[in-house]
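The values are calculated or read from the model by the stated rules, or taken from the named source; none is laboratory data. Predicted model, so just to flag it, every value in this text is computed and none were measured. Quick reminder, even Gly has a Cβ in these numbers, built from the backbone with ideal geometry, and neighbours come from all protein chains shown. Areas reflect the complete protein model, heavy atoms only, side chains present, ligands, DNA and RNA absent. Shrake-Rupley method; radii C 1.70, N 1.55, O 1.52, S 1.80 Å.
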Amino acid sequence: MGRWWRSPLERKRGGGKSPVAPYSRYHYHFTGESSSGLVRRGARHLGLWWVRLGVVGVFLVGAGQALGLSEAPVGTLSPVLPHVDLISTNLPETSPFQVPEVVAQGFHSPDGIALEPTSGDIYLSDEDASSIYRIQPDGTKREIVNSHTRIYEGDGRFRQEVAGLRTPEGLALDGQGQLYVVEDYPGGRLLVFDTHQASRRRRLEGEVVPIPLPNNPVAWESVDVGPKGEILLAGSTVEYVTHRESQGTVFMGVVLYRDAQGEWWMLLNHPMTSYSAASFSADGNFALIAAEIPGFVGCVDLRTKLVRTFLWDMTFRSPEGIGRLSGGAFMVTEESGRIYQVDPTSGSIQLLYEHTSTVESVLWDTRGRRMLITDDQHGQLVAVALHDNAYLTPAKGTIADIPFQEESTPVDMVPRQCPPYLAQVLKLGGYDPQVARGGVEFRDFAKRYCMVAIDATVQLMPGHTPVDDPIERIQFVVIAPYLMGYREGELLWSSSGFTVVLASGRTIKTELVKRQVLHGDLMEVRFTPVGGSSIALPMPFSARINSEGHVAVNFLGMGVMADFYLVLDSTNPGNSLMVVVQPDGFVHQYLLSLPHKKNRAHWVIALERQGPDTWKSLGGSRNSKAQGE
């Protein structure tokens with residue numbers, strides 16, 4: 001459709017602005033299709049050759065860039081909380097905290113924190129200095145690990161020394177004094193150090209904990225250890241994509257979990273997401289997660305091997321750290337210095353404290369009744385203690401009380417009559433919904449080819465930074481969104497048409513761009529040149545509907561134009577949103593709504609629903625320390 005698409009919206013800018021609620025009820029984040037579901041009923045009717053992500057992919061190369069389609073994203077994030085008791089971004093009238101106190105200073109870029117509760121020793125990573133410090137209760141600061149500290153890989157007779165520590169970020173300490181460290185660079189490692197060595201002898205030694213992630217491009221930002229030795233890792237490929245533009249333009253966010261038996265699982269793997277924090281609940285049954293891009297905080301249920309998640313109702317600005325509180329609530333810190341208390345059972349969010357400079361991590365010291373904060377701007381470790389008569393509100397229940405949703409609910413968003421804006425487009429492509437060519441009525445046609453068609457008014461999210469020329473209207477259609485592959489040297493992709501109208505009247509629409517095509521077998525790491533091909537940009541990358549009727553549709557601009565990341569609420573279209581990532585990296589967030597005097601029949605969503613996603617097994621670990629022995 002890229003060859004003939006010309007939106008009716010482009011020809012006539014009609015419709016007024018629909019009123020937008022002052023605050024979107026949810027902030028959503030969804031993934032693309034899972035690898036088991038790409039061959040769909042509607043796709044087979046097209047009579048085309050198919051591929052499955054994770055086995056065979058299509059790679060587009062050109063203009064100094066390449067897009068490699070990675071394995072299919074894992075997991076679907078969706079909210080289940082029906083309402084919230086409170087969302088407050090104002091500080092309490094009377095602060096429960098005392099004046100901040102500098103515990104230690106002189107760091108280059110302090111980041112991760114871990115606390116030994118019995119001794120009161122604090123461990124801190126200094127990322128730019130590639131060092132780890134131990135800070136004793138009397139304020140004594142000592143560097144215990146640096147880039148010259150010996151690190152070994154393997155076990156038994158095959159143990160060998162490897163490269164020293166590099167850009168440490170997240171820290172976690174288990175009950176046996178094992179300090180876990182993750183490195184924040186593409187291909188970063190998970191390391192473990194026995195802190196008891198620091199008291200027995202001067203020199204520490206580290207060991208690499210194997211992560212069964214082949215050709216690992218992930219820079220890790222967070223690590224946590226559960227009560228039974230479980231491990232959580234969170235990171236992304238943002239740095240890899242930034243420094244190696246020729247290898248791809250779509251970064252991925254990854255959350256890994258190693259269970260108590262030592263087996264690794266990929267919990268979440270999402271495009272255009274940068275996971276910045278992951279923390280176990282006190283009982284180890286849930287994982288609290290944060291993503292600085294696009295700004296959500298949520299939870300993953302670890303009690304089953306099904307991906308069961310929910311997100312809280314607030315969009316945070318670059319959430320960097322998560323800290324558990326003793327009462328069942330937890331803290332979320334934004335890079336700007338704002339720290340919120342979140343009750344995972346009621347969904348209430350309260351601004352707790354606002355630091356005067358940038359913050360990387362936060363940790364709650366139960367014995368000291370204080371927050372420990374890494375002040376990145378001033379190179380300090382700061383403590384903020386509660387007043388003697390002040391207490392933080394405990395959670396109203398437990399995370400286990402939240403009714404996670406697994407079963408699918410019916411969604412019918414395929415009108416009997418084709419909307420006029422879509423009818424004009426389909427006629428150009430050879431299908432007249434009024435005639436029902438071949439005896440195929442519009443509803444059957446839409447379902448057969450898994451169609452998604454949207455015409456919506458657009459408005460910047462409340463409180464969003466002003467944009468010079470914001471989007472005011474969007475219109476697109478995608479047919480067969482799961483199609484990717486080639487036949488006889490010809491690239492096959494979803495048919496799509498896309499147009500947005502800016503406030504100035506300027507339009508951004510589907511355009512043809514020349515790209516070189518490689519056919520890749522990812523399992524055998526074999527690539528075959530297919531040749532040049534013109535593709536329509538922005539290109540639909542994925543489309544999916546979850547159990548609650550929330551739909552994710554992604555369009556990639558491949559550096560030529562912006563990437564568009566949409567989440568559509570089929571039950572209440574006014575709760576829909578769009579994230580636009582510009583080629584220069586700037587992110588704009590919008591609310592979508594139906595045009596004036598239009599109802600749900602104005603949109604067409606005919607995606608088939610799948611069953612719950614499952615965790616992806618990565619295999620086990622044989623490292624004894626990795627299993628908490």
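Please compare each pair in Lys509/Lys598; Lys305/Lys447; Lys427/Lys597; Lys447/Lys616; Lys141/Lys396 to a cut-off of 27 Å on the Cα-Cα distance and tell me which ones are over it.
Beyond 27 Å: Lys305/Lys447; Lys447/Lys616; Lys141/Lys396.
Rounded to the nearest 0.05, what FRET efficiency is calculated for Gln417 and Asp194 with R0 set to 51 Å and r the Cβ-Cβ distance?
0.15
Where only protein heavy atoms count, and the probe is 1.4 Å, what is the accessible area per residue for region 550-589 in Å²?
26
Take the alpha carbon atoms of region 358-399, find their center, do the same for region 329-347, and report the distance between the two centers in whole angstrom.
So the separation of the two Cα centres works out to 11 Å.
In square angstrom, rounded to the nearest 10, how much accessible surface does Thr140 have for a 1.4 Å probe?
Approximately 60 Å² of Thr140 is accessible to the 1.4 Å probe.
Starting from 0.36 nm per residue, how many nanometres of slack lie between Thr356 and Gln377 once their C-alpha separation is accounted for?
Result for the pair: 6.6 nm of gain on full extension.
At Asp128 and Ser504, where each label point lies 7 Å from the Cα along Cα→Cβ, what is the point-to-point distance in nanometres?
3.7
Under a point spin-label approximation (7 Å from Cα along Cα-to-Cβ), what is the Thr614-Thr242 distance to one decimal in nm?
3.7
Average projected area of the Cα convex hull of region 212-334, in nm²?
Mean projected area for region 212-334: 7.7 nm², to one decimal.
On full extension of the chain, what length is gained from Glu263 through Lys228, given 0.36 nm per residue of separation minus the C-alpha to C-alpha distance?
11.3 nm
With r as the distance between the Cβ atoms of Arg150 and Thr304 and R0 = 51 Å, compute the FRET efficiency 1/(1 + (r/R0)^6) and round to 0.05.
0.80
Quick one: if you stick a label point 7 Å off each Cα along the C-beta vector at Gln424 and Asp584, how many nm between them?
Placing both labels 7 Å along Cα→Cβ, they lie 3.3 nm apart.
Ile535 accessible area, nearest 10 Å², 1.4 Å probe?
10
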